[in-house]
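Below is one structure, written out as structure tokens; comments come after it.
No value in this document is a laboratory result; all are computed from the given coordinates. Because the structure is a prediction, the values reported are computed rather than measured. Positions of Cβ are generated from backbone atoms using ideal geometry, with glycine treated the same way; all protein chains shown enter the neighbour counts.
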């Protein structure tokens, strides 16, 4: 019996323009321009960056992540 296992992909990236996410039911928050790490797993992408030395994380739907890539707001392999 073969076990189903996910293979998340971790990618270095750079935020180059406005990238926003919604934390729960709260307002849209902006991820600052600069280097980040992205883990793509299934239907979502998790972005991790630092702000004032503090690590921060945002999970966004993969479809939104793909739009940010297409628009050039997130550049993969740039960090």
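Before moving on, here are some points about what is shown:
- Matching residues, the range 13-31, being surrounded by 13 or more Cβ atoms within 10 Å (Cβ to Cβ) and either outside any loop (DSSP other than H, G, I, E, B) or free of Cβ contacts under 8 Å to residues at least 40 places away in the same chain (or both): 13, 14, 15, 19, 20, 21, 31
- Test: residue in the range 69-76 that is touching a strand residue (DSSP E or B) at 6+ places or on another chain (Cβ under 8 Å) and part of a helix (DSSP H, G or I): yes
- Scope the range 49-79; condition surrounded by 15 or more Cβ atoms within 10 Å (Cβ to Cβ) and under 8 Å from the mean Cα position of the chain (by Cα); matching residues: 58, 60, 65
- Members of the range 33-65 found to be farther than 14 Å from residue 21 by Cβ and not in a strand (DSSP E or B), listed by number: 33, 42, 43, 52, 53
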